Amino acid sequence: MTLTERPEPSAAINDVIVEIHASGFVPTEMEWPSTWTDRAGRDKTPSIPGHELAGVVTALGYGTTGLSVGQRVFGLADWHRDGTLAEYVAIEARNLAALPGDVAFTVGASLPISGLTAWQGLFQHGRLQAGQTVLAHGAAGAVGTMVTQLARETGAYVIGTGRAADREKALDFGAHEFVDLENDALKDVGGVDLVFDVIGGDVQKQSAALIRAGGTLVSVVGPVEARPTDGLAVDFVVEADRAALGEIVQRVRDGRLRTNIGDVASLDDAVGALNPTTRRSGKTIIRVRP
Ligand SMILES: NC(=O)c1ccc[n+]([C@@H]2O[C@H](COP(=O)([O-])OP(=O)(O)OC[C@H]3O[C@@H](n4cnc5c(N)ncnc54)[C@H](OP(=O)(O)O)[C@@H]3O)[C@@H](O)[C@H]2O)c1
């Protein structure tokens with residue numbers, strides 16, 4: 001990964017050009033096929049990684065509606081196109097939502113993947129209802145903290161999981177109780193209605209066995225390997241959704257939702273920040289413009 005000069009992108013039909021102020025990155029994206037190839041499977045290197053952004057619209061492509069030049073926006077970039085760890089990106093307008101003036105660009109860039117993943121997993125795929133019990137794996141992580149907060153706001157009972165060191169953070173983000181996956185037995189948790197899996201493997205298999213009749217296993221770490229005996233198993237990849245981004249950012253503004261930002265680094269320091277040698281807690285955000 002290197003910092004280098006690239007030509008400025010041009011806006012295709014329905015695109016906007018965004019001057020990026022802050023950008024977010026998922027640690028696993030170097031393993032995704034979409035980082036290295038286009039939709040037809042052709043090599044697209046050198047690739048620009050990063051798929052979350054907050055910035056200002058500077059140009060509109062032919063036929064683009066719904067956004068205007070000078071507008072503050074945030075959103076989720078297409079997996080197969082050049083990403084957001086850059087000064088400018090060309091992105092379809094429908095992938096973006098308005099970023100209110102009182103929400104910092106760094107905060108806006110931290111929300112799209114973790115916020116939309118939690119939103120879609122809980123409400124669209126998991127059909128969460130008040131009074132249900134949610135097992136939120138990795139509850140101190142980027143997705144897990146959003147899952148925990150949104151589930152709790154909905155009136156669910158939230159059991160967070162993670163490593164021993166994550167207990168306080170998971171409880172602080174709203175988990176009612178915490179299961180230390182390194183020392184506690186998952187089977188002692190009892191029945192749950194919804195498992196939100198960000199870990200996979202044995203943790204997923206053991207969790208599937210806890211799901212009550214009619215419950216759901218939702219996974220974001222690839223095809224599900226375990227199914228509840230009487231319930232649904234869903235794996236999905238997060239999608240851009242302007243309306244849901246609006247719901248999420250409104251919750252940030254009124255204090256119902258807190259972001260989980262660990263480090264904020266400059267674009268000059270991005271390569272080091274995105275390839276850490278020690279364990280990081282929370283999302284790393286790159287502040288592209290000071
Ligand atoms: N399908 C999708 O649309 C989608 C969207 C977003 C994310 N994801 C995927 O979801 C996963 C989580 O993403 P994230 O951004 O939330 O990552 P994250 O911030 O690193 O959170 C994951 C949390 O789970 C913990 N954890 C992982 N394995 C564990 C284990 N075996 N035992 C106990 N704790 C464990 C991590 O602790 P450590 O840091 O100590 O490992 C961390 O606290 C990633 O694989 C990501 O690629 C998928």
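Some observations on this one:
- Residues V56, V26 in ascending order of nearby Cβ atoms (within 10 Å, fewest first): V56, V26.
- Separation of alpha-carbon centers, segment 1-68 and segment 253-290, rounded to whole Å: 19
- Candidates A165, A136, A156, ranked by Gaussian network fluctuation over the chain, Cα under 10 Å, top entry: A165
- Estimated at 0.36 nm per residue, the fully extended path between V271 and Q129 surpasses their Cα-Cα distance by 47.0 nm.
- The local environment of T35, defined by Cβ-Cβ distances under 15 Å, has a net charge of -3 under the rule Lys, Arg +1 and Asp, Glu -1.
- Loop-resident chymotrypsin sites (Phe, Trp or Tyr not before Pro) (DSSP state other than H, G, I, E or B) in segment 1-82 with no more than 10 further Cβ atoms inside 10 Å of their Cβ: Y62.
- From its DSSP helices (H runs of at least four residues, each -39,500 (n - 2.57)), the chain gives a residue-normalised ellipticity at 222 nm of -5500 deg cm²/dmol.
- Karplus-based coupling profile of segment 53-67, in residue order and whole Hz: 8, 9, x, 10, 5, 10, 7, 10, x, 4, x, 6, 10, x, 9, with θ = phi - 60° in 6.51 cos²θ - 1.76 cosθ + 1.60 and x standing for Gly or Pro.
- When the square roots of the Cα gyration tensor eigenvalues are ordered a ≥ b ≥ c, the ratio a/c for segment 131-255 is 1.5 or more and a/b does not exceed b/c, which makes its shape oblate.
- Neighbour-count order for S110, S266, S34, S219, fewest beta carbons within 10 angstrom listed first: S266, S34, S219, S110
- DSSP-defined antiparallel bridges as percent of all bridges, the chain, nearest 5: 50
- Here the label points at D202 and T58, each 7 Å from Cα along the C-beta direction, are separated by 5.1 nm in the simple model.
- Whole-Hz Karplus values for segment 29-44 come out as 5, 5, 8, 7, x, 5, 6, 10, 10, 7, 5, 8, x, 7, 3, 10 Hz, taken residue by residue from phi with 6.51 cos²θ - 1.76 cosθ + 1.60 and θ = phi - 60°; glycine and proline positions read x.
- Ranked by how many other Cβ atoms sit within 10 Å of their own Cβ, fewest first, the residues E87, E239 fall in the order E239, E87.
- Between amide H atoms placed 1.01 Å from N, distances below 5 Å from H21 occur with A54, G55, V56, all of them 5 or more places distant or on a separate chain.
Each value in this text was obtained by applying a stated rule to the coordinates, not by laboratory testing. Bear in mind the structure is a predicted one, so any value in this text is a computation, not a measurement. So basically every Cβ, Gly included, is an ideal-geometry build from the backbone, and we count neighbours across all protein chains shown.
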